[in-house]
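Asker: This is the structure I have questions about; it appears just below.
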Amino acid sequence: MSDFTPRYLADYCEANFSIATVELTFALDEYKTRVTNRMKLTRVKDDNQPLVLDGEHLTLVAVLIDDQALNVDDYQVSDSCLTISTDRKEFMLEIITEINPVENTALEGLFKSGDAYCTQCEAEGFRRISYYLDRPDVMATFTTKVIADKVKFPYLLSNGNKVAEGDLADGQHFVQWHDPFPKPCYLFALVAGDFDVLSDNYRTGSGRDVALEIFVDKGNLHKADHAMASLKHSMKWDEETFGLEYDLDIYMIVAVDFFNMGAMENKGLNVFNSKFVLADETSATDVDYFNVEAVIAHEYFHNWTGNRVTCRDWFQLSLKEGLTVFRDQQFSADMHSAAVTRIQNVRVLRSMQFAEDAGPMAHPIRPEKVIEMNNFYTLTVYEKGAEVIRMIHTLLGAEKFRQGIDLYFARFDGMAVTCDDFIDAMADASSVDLNQFKRWYQQAGTPQLQVSEHYDAVNSQYQLTLEQSNGKNLPLHIPVGIELISGAEQTNHSQLLQLTKQKQTWTFSDYQQKPVLALLTGFSAPVRTQFSQPDQDLQLIMTRAADTFCRWDAGQKLLTTYIVQAMEQPALNLPDNLFQVFEEILTSDMSAAFKAEQLTLPNFSELADTIEEVDPIALLNAIDSVKQRIAEVLAPLFLEQYQKNSATVYANDGDAIGKRALKNICLSYLATLSEHQHVLAEQYQHANNMTDTLATLNLAASQHHKGFADMMNDFEHKWTDTPLVMDKWFAIQASVNSDSIYDRLSALTSHPLFSLKNPNRARALIGAFSQNNPRYFHCASGRGYEFLIEQLRLLNDINPQVASRLITPLIQFKSLDKGRQTLIKTKLELFMQQVDLSKDLQEKLDAALAS
Ligand code: TRP
Ligand code: ZN
């Protein structure tokens, strides 16, 4: 039985002991790894309270204080802790435990990924390795000795610098590592295995040489080049942008196939999901390339924002994650098209974070109550957290933001701090008052901005009124970027408005005509807007706004209006001006990548976010019919652009990537028309890169293409031995738009390559079905929901973290129509009664079913 007692931010209390040094010795063994942990402890509070160490799934072998074994009645062991009573002020505590890496399918603590051993300690996984004060404000210097078979595990890695190595009896060897930077245990890492290594080096701005090493499964060396280039770009960017240099002599990245999340920033030894390391043109898409670079950057940036300055407690998670996501977004924007990068950030926010903020697990970016910490690695903490940092950047300007960051490191390097500490540094360095702004850290939910305009022709005045609302929450400090577009010759007027009251009005003079308002330039705040603008205004913004985000957003708004209308009137005639807009986009001089974003219809989740209690099938029908109608009218133009942007030679520079995106979005329109479906088969045959192949397969899956089964067989044979590509194959199978889907799903779960123990594979099938196949996931029969629940039942025992992420669409049932709400609720209630739930699922289901 787990302990479901919540923890509260308000109850934070310093630890009663500090740990100066930790010496770990691992004798690696599949079922019985022995961990010896010697810690130098000092009592910091004179309260004579016992020492309570966290520990789970551990077999205790011995406890020694100052080298003297304790008697069994000197300590107490429970499921979750080891309690030691002692009146010593300073002592060496040695704890010997045994753990079982092979049976660790939760992938927290020490586990096996294929033949390699590796660890994952964030958030609270170190307690599955040894008894410890497993909290981020306890920072110690780690020395780690790893012992294993020399032939099977030639590489024995841990944090910091290698300080000793040698051979031992019975074919064993050891390597000892020392990390000079004190750190919380969540940044500890150990890896042991046999790998191919890509080695390189980087000279920092101050002239220090850093060895760079990327460890991949044997045979994958050629797929590590992009990760290495990305790492070097990240190192350079952080020096140039924030003056931050790397601090150790070596930086290692290990790619593993079994991993719960994207990657982990362990000091000097990042562990990565292989999905975010490996890439080559035949097996990775343009999006994969982008993501590898972004995740490499993210983990690298953590070295300062997360590791050098870390979190006081887990409620402060956004201190490191929001800031680091903001940094990786800025990096991506600098490396690629800033406009397109921003659009993609906003799509993620609107389609997923807004839903989270409207659902039962809504929480402020700094949560106040947590049952299972793993449940708070959320879109809110990460993506909304990054938006909050971006708003500070907007309010301060780039220069003062940089001064704030400098002050933050000057004050807090080497410490474990809070979100308030961060904001205070930003405010002190810039003299900008951020007191009201702090409410962004305290209040959940997406604020709504209501806009009204008044034009006074007599006085040539334009008045703009903004009103914010978010339930019972207090007014926030919201930066609202605007652009006023007036007569043809005039330049636009751009301004940053600061909305701090619930309702405020601004007056603009000397407007001979009512200007057109482009609102929320650059998406200056994570809010929903309530503002209906006539089509011609939106069209004007699309071509005349200086702000590229607003250009794109105006088009999306126009499309949203017609898709929502088509839901109510299925026979709706689309107006000619909509087709004109598409023609203008296709023939404009914007970049191909930007055009591709403009031509992409708002996705199902983005649209669903704008509709209360949505009937998913009606919405999907509306999307399909609008798309098909546009395709019918503009087919020749799509075909022309498809051909014009098709390249015969593969390249992966920005221009080539943009053209591929544009070409494939054109293809997606053509694919809705039976007379053009042959283009799909042709593209599949001639594709010389994964982006084109995958685009074809996805369209064939959704458009009932008659060649689909053959293509999928061909693809399967070609890629059976490449796990990351087979994940794509499973995901496409799960998104097939056909009544046969449930039979297909059950066949896939018994496919020889399917395993719930591999998170990537589980997500490829289950996650893809629930996210990319809304028509069948939301089938009125309830079969889609049943499939997900059946898989969750199994995953609950295997890997609670993965189960807990996959349950998301079910707990957000309140966004659906009443019929589906009841359907899901009934099934979830039954599930809860039948299963001995993990903390992770229990917390979410309790929240979803409360009230
Ligand atoms: N700190 C990691 C990051 O943002 C994410 C992370 C948290 C993680 N918990 C994890 C990664 C568990 C893997 C497994 O980059
Ligand atoms: Zn992170």
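We did not get these values from a lab; they are worked out from the coordinates using the rules stated. Values in this document were obtained by computation on a predicted structure and should not be read as measured data. Neighbour counts run over all protein chains shown; Cβ positions are idealised from the backbone, glycine included.
Asker: Measure nothing fancy, just the Cα-based angle from helix 398-412's long axis to the longest principal axis of the chain, in degrees from 0 to 90, nearest 10.
Answerer: 10
Asker: By DSSP, what percent of the beta bridges with both residues in the chain are antiparallel, rounded to the nearest 5? Please report the intermediate quantities before stating the final value.
Answerer: Details: 99 of 124 bridges.
Approximately 80 percent, going by the DSSP bridge assignments.
Asker: Put +1 on the Cβ of each Lys and Arg and -1 on the Cβ of each Asp and Glu in the chain; which of Gly193, Ser625, Ala358 then has its Cα farthest toward the positive end of the dipole?
Answerer: Of the listed residues, the answer is Ser625.
Asker: Label-point separation (nm) for Glu790 and Ala211, each offset 7 Å from Cα along Cα-to-Cβ?
Answerer: Each label point is offset 7 Å from its Cα along the Cβ direction, giving 5.2 nm.
Asker: Could you please state, rounded to a whole Å, how far the C-alpha centre of region 812-851 is from the C-alpha centre of region 692-747?
Answerer: 31
Asker: Which of the residue pairs Lys45/Lys839; Lys472/Lys818; Lys275/Lys728; Lys400/Lys501; Lys472/Lys839 have a Cα-Cα distance greater than 20 Å in the structure shown? It would help to have the intermediate numbers written out before the result.
Answerer: Numbers: Lys45/Lys839 32 Å; Lys472/Lys818 25 Å; Lys275/Lys728 11 Å; Lys400/Lys501 25 Å; Lys472/Lys839 30 Å.
Cα-Cα > 20 Å for Lys45/Lys839; Lys472/Lys818; Lys400/Lys501; Lys472/Lys839; rest within.
Asker: If you find the alpha carbon centre of region 412-452 and of region 266-283, how far apart are they in angstrom?
Answerer: A separation of 33 Å, based on Cα centres.
Asker: Dipole size in debye (nearest 20) for region 13-172 around its Cα centre, Lys and Arg Cβ +1, Asp and Glu Cβ -1?
Answerer: With Lys and Arg at +1 and Asp and Glu at -1, about 360 debye.
Asker: Could you work out Rg/(2.2 N^0.38 Å) for region 797-851, with Rg from alpha carbons only? Please list the in-between numbers first.
Answerer: Details: Rg = 11.0 Å, N = 55, 2.2 N^0.38 = 10.1 Å.
Ratio of Cα Rg to 2.2 N^0.38 Å: 1.09.
Asker: Charges on Cβ only, +1 for Lys and Arg, -1 for Asp and Glu, centred on the Cα centroid of the chain; of Thr500, Thr42, Val649, which one is farthest towards the dipole's positive end?
Answerer: So the residue furthest toward the plus end is Thr500.
Asker: Out of Leu724, His704, Tyr742, whose Cα points farthest toward the positive end of the dipole of region 701-747 (charges: +1 Lys, Arg; -1 Asp, Glu; placed on Cβ)?
Answerer: Most positive-ward Cα: His704.
Asker: Now, a different point. Which value does Rg/Rh take for region 672-781 over its C-alpha atoms, Rh per Kirkwood? Spell out each step's value before the answer.
Answerer: Numbers: Rg = 13.7 Å, Rh = 14.3 Å.
Here the Rg-to-Rh quotient is 0.96.
Asker: Taking the chain as the reference, fit the longest principal axis to its C-alpha atoms, fit the long axis of helix 317-335 to the helix C-alpha atoms, and give the angle between the two in degrees, 0 to 90, nearest 10.
Answerer: Taking the Cα atoms of the chain, the angle to 317-335 is about 50 degrees.
Asker: Between Asp836 and Ser78, how many nm apart are label points set 7 Å from Cα along the C-beta direction?
Answerer: 1.9
Asker: What distance in nm lies between label points placed 7 Å from Cα along the C-beta direction at Val348 and Lys814?
Answerer: 2.6
Asker: Using just the helices of the chain, give the 222 nm mean residue ellipticity in deg cm²/dmol: DSSP H runs with n ≥ 4 each add -39,500 (n - 2.57), and the total is spread over all residues, rounded to 500. Write down the numbers at each step before the final one.
Answerer: On the way: 28 runs with 333 residues, N = 851.
Dividing the helical sum by the residues of the chain leaves -12000 deg cm²/dmol.
Asker: So which of Lys112/Lys152; Lys557/Lys595; Lys112/Lys320; Lys183/Lys267; Lys162/Lys236 end up more than 19 Å apart by C-alpha? Please list the in-between numbers first.
Answerer: Numbers: Lys112/Lys152 13 Å; Lys557/Lys595 16 Å; Lys112/Lys320 28 Å; Lys183/Lys267 8 Å; Lys162/Lys236 25 Å.
Those over the limit are Lys112/Lys320; Lys162/Lys236.
Asker: Rounded to two decimals, what is Rg over Rh for region 522-648 when you use alpha-carbon atoms and the Kirkwood radius? Intermediate values should be presented prior to the final figure.
Answerer: Working: Rg = 14.9 Å, Rh = 15.5 Å.
Reported Rg/Rh (Cα atoms, Kirkwood Rh): 0.96.
Asker: Starting at 0 and stepping by 10 Å, how many percent of the alpha carbon pairs of region 703-750 end up in each bin?
Answerer: Whole-percent P(r) values from 0 Å outward: 24, 58, 18.
Asker: Stokes-Einstein D for region 258-375 at 20 °C, 1.002 mPa s, Kirkwood Rh over Cα pairs, in µm²/s?
Answerer: Working: Rh = 15.8 Å.
Answer, rounded: 136 µm²/s.
Asker: For region 344-421, max minus min Cα coordinate along each principal axis, in Å, sorted largest first?
Answerer: 39, 30, 16
Asker: Angle between the Cα long axis of helix 818-834 and the longest principal axis of the chain, 0 to 90 degrees, nearest 10?
Answerer: Result, in degrees: 10.
Asker: While we're here: If one computes the Cα centroid of region 56-120 and of region 1-41, what distance in Å separates the two points?
Answerer: 8
Asker: Moving on. Please report the orientation-averaged projected area of region 630-674, defined via the convex hull of its C-alpha atoms, in nm².
Answerer: Numbers: hull surface 12.5 nm².
That works out to 3.1 nm², a quarter of the Cα hull's surface.
Asker: In the chain, if every C-alpha pair distance is counted and binned at 10 Å from zero, what percent goes to each bin?
Answerer: With a bin width of 10 Å, the distribution comes to 2, 12, 21, 25, 21, 12, 5, 2, 0, 0.
Asker: Continuing with the same structure: Kirkwood hydrodynamic radius, region 171-259, all distinct C-alpha pairs: what's the number in Å? Walk me through the numbers before you get to the answer.
Answerer: On the way: mean 1/r = 0.0671 Å⁻¹.
Kirkwood hydrodynamic radius for region 171-259: 14.9 Å.
Asker: Another one. Once you charge only the Cβ atoms, +1 for Lys and Arg and -1 for Asp and Glu, what is the size of the charge dipole of region 388-470 about its Cα centre, to the nearest 20 debye?
Answerer: Values: 6 positive and 11 negative charges, 32 e Å.
Roughly 160 debye for region 388-470.
Asker: Once the convex hull of the C-alpha atoms of region 411-562 is built, how many Å³ does it hold per residue, rounded to a whole number?
Answerer: Numbers: hull volume 22.4 nm³, N = 152.
Spread over its residues, the Cα hull of region 411-562 gives 148 Å³ apiece.
Asker: Now for a separate question. When the dipole is taken about the Cα centre of region 696-851, and only Lys, Arg (+1) and Asp, Glu (-1) are charged at their Cβ, what size is it in debye, to the nearest 20?
Answerer: Details: 18 positive and 16 negative charges, 74 e Å.
The calculated dipole for region 696-851 is roughly 360 debye.
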